[in-house]
Amino acid sequence: MLIKSGSPKSLDLSKCEKEPIHIIGVTQPHGAVIACDKDGNITHASENTEAVLGYNAQSLLNQKISRLIGEDLWNKYKNGISEKAVLETADLILNGKPIIVVPHLSNDKLLLDFEQYDKKSSNYDIQVELTTLLKKLGSAGTINELCSEAVDITRSIFGYDRVMIYKFDEEWNGQVVAEAKKENMESFLGLNYPASDIPKQARELFYKNKVRVISDVNYKPVKLLSNTPHSPLDLTNSQLRGVSPIHIEYLQNMNVGASMTAALISNGKLWGLITCHHSQSKLVDFYQRQTCEFLVGIFSNELTLKNSENYLENIQKKEILKTELLQQVYRSDSIENGLFESALKLTDFIDCNGAALILNENIKGIGEVPDDALIKDLIADFLSKKKESVFFSNQLPQVYPDAARFENVATGILSVRLGDNNDNYLIWFRSEVVKNVSWGGNPNNKAYYNEDKKRLSPRKSFEKWTEKLRGVSNVWNDFEIKGATSLSESINYVILKNQKAEIDKLNKKLLEAHNELKLFSQGLSHDLNAPLRGVSGYAHILKEDHYVDLEQKGRMAVDSILASTEKMKDIIDNVLSFAGLSTKEMVKSCLVTNTLIMDILTQFNIAVNYPKTKIIIEDHIPSMLGDKRMLTQVWANLIANALKYSENTASPKLEIGSVIKDRKTVYYIKDNGIGFDPKYKEEIFNLFSRFSGNDYKGTGIGLALVKKILEKHEGDIWAESELGKGSTFFFYV
Ligand code: ADP
């Protein structure tokens, strides 16, 4: 149903919603109400007990209920209450008349409705009635046919002047979708009634009390007497509950003399009401009401079944379309082409005026869609902010006023997000559909404040009132929303698959480039080594055999050639080990750290090369798990640097040890050398970064190599230093 922005504008009817109709304090006269406490003492009695049962109401108060209904029945009810069993109705003869007793619980009290009846149907009659109802309602093909059948049957069974079925929309406005009536009466078919006509608490009562009868709209309410003042009785479950004066006035204004209303439930939700109107008073007794309960029960089942069948059928159709669309996507070179350029289009998937795919900042549209800039704004300012990945509305400008810029192209939208990416969407658009909506009376004057009665009064005129409904598109159905979600999941799968293929391709390229580079650097180093050996060899010959023949300048040149070739060799060796590191297999073992350090120091021949340097090594440094050659390289590089950069201090000192940090063993090497500016503490680990000037030999590769080895061991390295105050390098594996 399409009543939304055109539906009645806000008018404070909250008073109606708050009216406490369940503790109304009066009953209808076609039966008597008596309540008793758990000991069977009568606490409440309606004033009409004399007329219905032959006992004065006042005299009944504080008496035992068993005196009225008999010890046996009372015991049955008492036990039923304590065992939380369903309380059954009972037939009695009271005051010479057949009476049915209908028991209910009302908080801590037992509440009994006493009603006279004419004729009790036999089990056989009930069976015949039920079979007929089942047959007639079960043969209806569509929901509309089911509704027409139901109003005809109801009218023929109960003989009301008019029987209607109201269907509720999402906002609880009701539309008359089926009607059976006396010939000369004006038809209400197709008319809409605002939600406030049946306020919330009245709708809720329908769940508990499925059939509600008002036997005489012009009745005189019967007061409920109580043995203690100010103790209102909850009449929610009583079928004799009095009627709200506002509702009575509403029915009077409609010229209704009696009514019967029953709830129609589909999938556990109040779907609508079946409402019977009679121009005079009309009594429908307990047994007839039961027939009505059977009828709405069967109707509700059929309705649920038909709704589910419709839903499933439509979902199946969507699945077929989805499969076809996906096949197109797989067959074509892109998602865009699959959804827009093939035989079946995205717009064929869901009834719409236009659709768009927003993928990786590209917008592709078909049919009537807003321009790209507007779609971008819609996503950035509205859709991307929604938590849910699905959004739908049949009046977008109401929730996103900027949609008014789209000039009715996007009055309705259904959008689904593709994956977790907040920028990719599938969106279907629906244009405005201007409709004439007829109301039962001007819905803008639903009620007015009645000075005499000091309360709200319902509208007086129910004359057909037609208005143009604007700013609304057709509603999105459940199966369309489900279909869109399902399609988005499949498209998302394709996107992920494409992305994976793309990443695999890039990975392959990267690997090829890496291998090429490795071969290149290995080849280059190898090629450079040969001439370098030549240069170095000749320089050595010069130095050894011809040094004495050379002048001062020549000797300096030979020394410089030898130093340069030495440095060049270092660089080539380091580059080779750096380039080979990433593909080198690790052989892990448990290494005794102190032994490893001692071996390195022995190799460095400290006593000869660094005679001034004092080295303090912690006893029993925890062992390490890793590749022996690589970790030896780590320690050797760090110790070599510490020795090198502290060599020129007055009393060089190295301290080697470990600390526990965040439950990890962190090894450290501390020196009291030249240190470095702390602003370079990250950069020193980059390839070819040197910050120690030309006084110290080096290639700028050592720390980069160390870092790479530690990364391979899932470890890390960092340094603390200050210029002139020494450095400490920390690492863990
Ligand atoms: P190099 O071959 O230059 O020593 P490294 O990669 O080993 O190359 O070190 C990079 C730079 O880090 C060095 O040039 C130096 O500036 C600084 N550095 C490394 N270790 C120390 C240290 N113990 N004391 C002071 N500076 C250091």
Practice problem: Treat each spin label as a single point 7 Å out from the Cα along the C-beta direction, and report the T304 to Y493 distance in nm. | Solution: 3.2
Practice problem: Could you tell me, in Å, what Rg and Dmax come out for the Cα atoms of the chain? | Solution: 45.9, 153
Self-check item: Two-site FRET efficiency, L92 against K38, from Cβ-Cβ distance with R₀ of 22 Å, rounded to 0.05
Solution: 0.55
Quiz item: So what's the angle, to the nearest 10 degrees on a 0 to 90 scale, between helix 372-381 and the longest Cα principal axis of the chain?
Solution: 80
Quiz item: Per 10 Å bin, what is the whole-percent P(r) computed from every C-alpha pair distance within the stretch 300-355?
Solution: 24, 37, 22, 13, 4, 0
Quiz item: Say each of K345 and Q316 gets a label point 7 Å from the Cα, pointing the same way as Cα to Cβ; how far apart are those two points in nm?
Solution: 2.9
Exercise. For K644, list the lysines whose Cα falls under 16 Å from its own Cα; do not include residues on the same chain fewer than 8 positions away.
Key: K567, K612, K614, K653, K670, K697, K725
Exercise. Give me the number: length gained by fully extending K505 to M556, i.e. 0.36 nm times residue separation minus the C-alpha to C-alpha distance, one decimal in nm.
Key: 12.8 nm
Exercise. Would you calculate, for the chain, the mean residue ellipticity at 222 nm contributed by helices, counting each DSSP H stretch of 4 or more residues as -39,500 (n - 2.57) and dividing by all residues, to the nearest 500?
Key: -13000 deg cm²/dmol
Quiz item: Quick one: accessible area per residue over the chain, 1.4 Å probe, rounded to a whole number of Å²?
Solution: 52
Quiz item: Once fully extended, how much extra length lies between D72 and R331, figured as 0.36 nm per residue of separation less the alpha-carbon to alpha-carbon distance?
Solution: 85.3 nm
Quiz item: How large, in percent, is the carbon and sulfur part of the accessible surface of the stretch 331-393 at a probe radius of 1.4 Å?
Solution: 44
Practice problem: With a Förster radius of 35 Å, plug the Cβ-Cβ distance of T131 and E186 into 1/(1 + (r/R0)^6) and report the FRET value to the nearest 0.05. | Solution: 0.50
Quiz item: Taking R0 as 51 Å, what's the FRET efficiency between T649 and D545 from their Cβ-Cβ distance, rounded to 0.05?
Solution: 0.80
Quiz prompt | For the chain, size of Cβ-based charge dipole, Lys and Arg +1, Asp and Glu -1, in debye | solution = 940
Quiz item: Which ³J(HN,Hα) values, rounded to whole Hz and listed in residue order, are derived for the stretch 533-541 from phi using the Karplus coefficients 6.51, -1.76 and 1.60 in 6.51 cos²θ - 1.76 cosθ + 1.60 with θ = phi - 60°, glycine and proline given as x?
Solution: 4, x, 4, 4, x, 5, 5, 5, 4
Quiz prompt | the chain: angle of helix 286-331 to the longest principal axis, Cα-based, in degrees nearest 10 | solution = 30
Exercise. Just subtract the alpha-carbon distance of E516 and T142 from 0.36 nm times their residue separation and send over the number in nm, one decimal.
Key: 127.5 nm
Exercise. Would you kindly calculate the translational diffusion coefficient of the stretch 24-116, applying Stokes-Einstein with the Kirkwood radius from alpha carbon pairs, for 4 °C and a viscosity of 1.567 mPa s, and quote it in µm² s⁻¹ without decimals?
Key: 99
Quiz prompt | Cα-based helix-to-principal-axis angle, 593-604 vs the chain, degrees rounded to 10 | solution = 30
Quiz item: Stokes-Einstein D for the stretch 332-412 at 37 °C, 0.692 mPa s, Kirkwood Rh over Cα pairs, in µm²/s?
Solution: 242
Practice problem: Keeping to pairs on different chains or 8 or more places apart, tell me how many lysine pairs in the stretch 191-305 have Cα atoms under 21 Å apart. | Solution: 7
Practice problem: May I ask you to order 353-360, 249-256 by the average number of other C-beta atoms within 10 Å around their residues, highest value first? | Solution: 353-360, 249-256
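The values are calculated or read from the model by the stated rules, or taken from the named source; none is laboratory data. Predicted, not measured: the structure shown is a model, and the values here were computed from it. Positions of Cβ are generated from backbone atoms using ideal geometry, with glycine treated the same way; all protein chains shown enter the neighbour counts. Only protein heavy atoms, including side chains, enter the accessible area calculation; ligands, DNA and RNA are left aside. Shrake-Rupley method; radii C 1.70, N 1.55, O 1.52, S 1.80 Å.
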